[in-house]
Structures are given as C-alpha cells and as structure tokens.
1. What shape does the stretch 154-238 have by the C-alpha gyration tensor, where a ≥ b ≥ c are the square roots of the eigenvalues, rounded means a/c under 1.5, and otherwise prolate means a/b greater than b/c and oblate the rest?
2. With 32 Å as the limit, write out which pairs from LYS167/LYS333; LYS155/LYS224; LYS126/LYS337; LYS140/LYS337; LYS231/LYS285 have Cα-Cα distances beyond it, or answer none.
3. Report the extension gain between ARG158 and SER129 in nm, rounded to one decimal, defined as 0.36 nm multiplied by the number of residues separating them, less their alpha carbon distance.
4. Calculated FRET efficiency, LEU66 and SER278, Cβ-Cβ r, R0 41 Å, to nearest 0.05?
5. With label points built 7 Å along Cα→Cβ from the Cα atoms of ASP343 and ASP168, find their separation and express it in nm.
6. Rank the residues LEU60, LEU172, LEU136 as a footprinting-exposure proxy: fewest other Cβ atoms within 10 Å of their Cβ go first.
7. What residues qualify as long-range amide H neighbours of VAL259, i.e. H under 5 Å apart, gap of 5 or more or another chain, H built at 1.01 Å from N?
8. Can you list the aspartates and glutamates whose alpha carbon is less than 16 Å from that of LYS121, not counting same-chain residues fewer than 8 positions off?
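What follows draws every value from the coordinates through simple rules; no lab data is involved. Note that this is a predicted model, so its numbers are computed, not measured. Here Cβ is always computed from backbone atoms with ideal geometry, including for glycine, and neighbour counts include all displayed protein chains.
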Amino acid sequence: MKKLNLKKLRSKQPEQPPSRITNETVAEHREQILAGGRRFKYPIQYARHKLVFNAVAIALAATILLIILGWWQLYIVQNSSSFLYRLTRIFPVPVAMVDGEQVRFSDYLVQYRGSEFYLSKYDQLKITSKDGQEQLKYIKRESLNRAVVDAYAAKLARQKNVQVTEKDISDLIDQQRNTVNGRISQQTYDASSLMMYDWTPSDYRLAVKRSILRARVAFAIDDKAKNQAEKAAGLVASTNGDFAAVAENFKNDGGEKVVSGDSSMINLVSTFGGLRVSDLKDLKKDQISGPITTTSDSGYYFVKIIDKTDTKIRFTYLFIPLSELDNRIAQLKSAGKIREFIDVPQAKTQEDTAASGTPKSN
C-alpha cells in the first residue's frame with residue numbers, strides 16, 4: 001500500500017519544466033512566464049475600473065447633496081452669508097421671475113446684505129429684537145422688490161437698446177467722490193462703502209450699473225412724463241418761472257402729481273431728490289433751467305435760482321415724476337407674471353411712506 005500511495009503521489013506532482021531553454025522549449029517557457037504575469041495584471045485592472053466607478057458615484061452623490069443643501073439654505077432658511085452670496089455670484093440661481101426674466105439671487109442678496117449690515121452696525125437696533133425683526137422683514141421686501149425692478153429694467157434695456165458702459169459707471173463714482181469736506185480718494189471711497197455696507201468695489205460698481213440702467217430705462221419708456229415735461233417747458237417760459245401756477249395746469253392731468261416747491265440752501269456736491277445739484281452751479285440768480293433729468297429714476301426738474309454762494313445754492317423747482325416703470329411692475333404683479341421663490345412677507349415700515357410727491361434732499 002505504501003508503495004502504491006507513493007506512486008500515486010508521484011503521479012500527481014506536476015512535471016518539472018526542463019532546466020535548459022532550447023529552441024524547442026523557448027515557446028513553452030515564454031507562455032509560462034506570461035501566464036504568471038497575467039495573475040497580477042487582470043486583478044489590478046479590475047480594481048482600477050471599480051475605483052473609478054466608486055469615485056464617480058461618490059462625486060455625483062456629493063454634488064446632489066450639496067445642491068440640496070444649497071437649495072435648503074437659500075430658499076428655506078434664507079441664509080444670507082457672505083459665502084452663499086459669493087456662490088450666487090458664480091452660479092446664477094433665480095430668486096424670482098418677472099415676465100419671463102430671471103431675477104438673480106445675488107442681486108437680491110447684495111441689496112439685503114448691505115441694508116442688514118448698516119442696520120446692525122449703525123442704526124443702534126438689535127436685529128434679534130422684535131423691532132429688529134420687523135426691520136429685517138421690511139428690508140427683505142424692499143431688496144426683493146428692487147431686484148425684480150432691476151431685472152425687468154434689464155429686459156427692457158435689451159429691447160430699447162439702452163446700455164451702460166464702464167465709463168458711465170466710473171464717471172458717476174468719480175462725481176460721488178466730491179463731498180462737502182472735499183474730494184476723497186478712490187481708496188477712501190472704496191473703504192467707505194465696505195465700512196458702511198460691507199460692499200467690495202465690484203459689489204458697488206454692480207449696484208451703480210443697475211441704478212444707471214434702471215434710470216435710463218425709466219426715462220426711455222415714460223412717454224407721458226416726457227410729454228408733460230415738453231408741455232411744462234412752454235408754461236414755464238410763459239409764466240416766467242411761476243412753478244406753482246404751472247403745477248396747477250397738471251392738477252387734473254390724470255398722471256402722477258406734478259409738484260412745485262422751494263429748496264433750502266444746499267451744498268453744490270449734494271443731490272436733491274435725484275437731481276445732481278452740481279448741474280446747477282453755472283446758473284445765475286433768477287435764471288431758469290429745465291427740463292433736467294435726474295440721475296435716478298425720479299423724473300424731470302425745472303429750477304429757478306433764488307440765491308447762491310461759492311459752495312451752496314437755493315432754488316425753486318417744478319418736479320415731474322416718472323411713473324411708467326412702476327405702473328408696468330404693478331400690472332405684471334396683478335397679472336401673476338411675477339413669481340417669487342422665497343417667502344418674504346409684506347412688512348410695515350416705521351415711517352409713513354405714503355407718496356406725497358415732494359422729493360427730499362439727500
């Protein structure tokens with residue numbers, strides 16, 4: 001039995017390859033070596049494919065999770081952090097739609113964040129208090145309303161071929177650097193906007209661009225105010241600048257209220273209801289000028305100089321307000337063509353904001 005078993009074991013042992021490589025055995029040796037290498041090649045190749053698949057799956061899951069988290073933070077929590085604001089500057093997610101035009105979340109946040117920053121830092125009001133929460137509701141609504149108007153104005157600007165260049169922005173900022181205490185440097189100006197509203201220079205330039213574009217569109221579409229200004233020009237000339245009498249002629253005109261009034265002594269570097277007072281510096285006493293378009297979307301002015309010094313000026317005025325842009329926004333809202341994607345309730349202001357039609361100096 002032992003002999004048989006030994007024979008069986010010997011028969012099961014693999015045949016040893018020849019120790020010498022000859023021309024007849026070289027192919028056999030090559031195949032043996034390649035077969036040994038395949039044991040290491042194919043398992044690694046399989047693992048690499050699996051690794052790529054797992055990496056893609058993890059990246060996709062992480063992206064979906066980040067999108068859901070970002071959506072929850074923006075639309076549900078309404079997080080207004082600096083990080084999310086910068087993110088919305090890169091990714092143009094909408095906060096609302098107006099007449100088919102997307103209202104960018106970043107346009108809403110830049111307004112809201114600036115007002116919130118000023119309120120918490122300079123208004124001596126605790127945001128966590130009841131009054132503070134009411135103020136936040138108000139500035140949220142105002143910021144969203146402004147973003148909606150800006151987006152609609154951008155749509156109308158494309159239709160009317162209204163444009164704002166970088167030079168237009170730089171020129172307006174350059175004029176704003178003239179203050180009552182003298183001209184300030186660009187660095188001081190940028191530091192001021194950062195300190196007051198937490199706006200970087202690029203944030204402020206975007207805000208200025210939207211303001212200029214909104215004003216130009218408001219003037220471009222308001223034919224009624226334009227016709228009133230043309231009519232007023234003739235009346236002003238015939239009454240020698242009796243603005244109160246001219247305003248009476250528009251009392252039953254059916255449009256926005258045309259008003260007259262007197263200013264106080266105003267510094268030449270100030271603004272008055274959107275009117276740039278520096279535009280009046282070359283006028284002489286008793287001289288009448290107009291119509292003058294405001295730098296904002298306010299309207300037209302006629303002015304008569306009453307008194308002036310080297311630094312200040314006083315005048316009477318006739319003011320013709322613009323209304324078409326606001327009317328169109330109201331019509332779109334009543335027609336359900338403004339859709340908001342965040343819940344911003346209407347909030348009461350602490351001041352009476354009923355339209356009196358009388359502009360105030362800034």
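1. Numbers: a/c = 3.27, a/b = 1.65, b/c = 1.98.
It comes out oblate by the Cα gyration axes.
2. Details: LYS167/LYS333 34 Å; LYS155/LYS224 21 Å; LYS126/LYS337 36 Å; LYS140/LYS337 20 Å; LYS231/LYS285 24 Å.
Among LYS167/LYS333; LYS155/LYS224; LYS126/LYS337; LYS140/LYS337; LYS231/LYS285, the Cα-Cα distance tops 32 Å for LYS167/LYS333; LYS126/LYS337.
3. 6.1 nm
4. Values: r = 50 Å, r/R0 = 1.21.
Efficiency, from the Cβ-Cβ distance: 0.25.
5. 3.9 nm
6. Working: LEU60 10, LEU172 17, LEU136 20.
With the sparsest Cβ surroundings first, the list reads LEU60, LEU172, LEU136.
7. Here the answer is PHE319, since their amide H atoms fall under 5 Å of that of VAL259.
8. ASP131, ASP198
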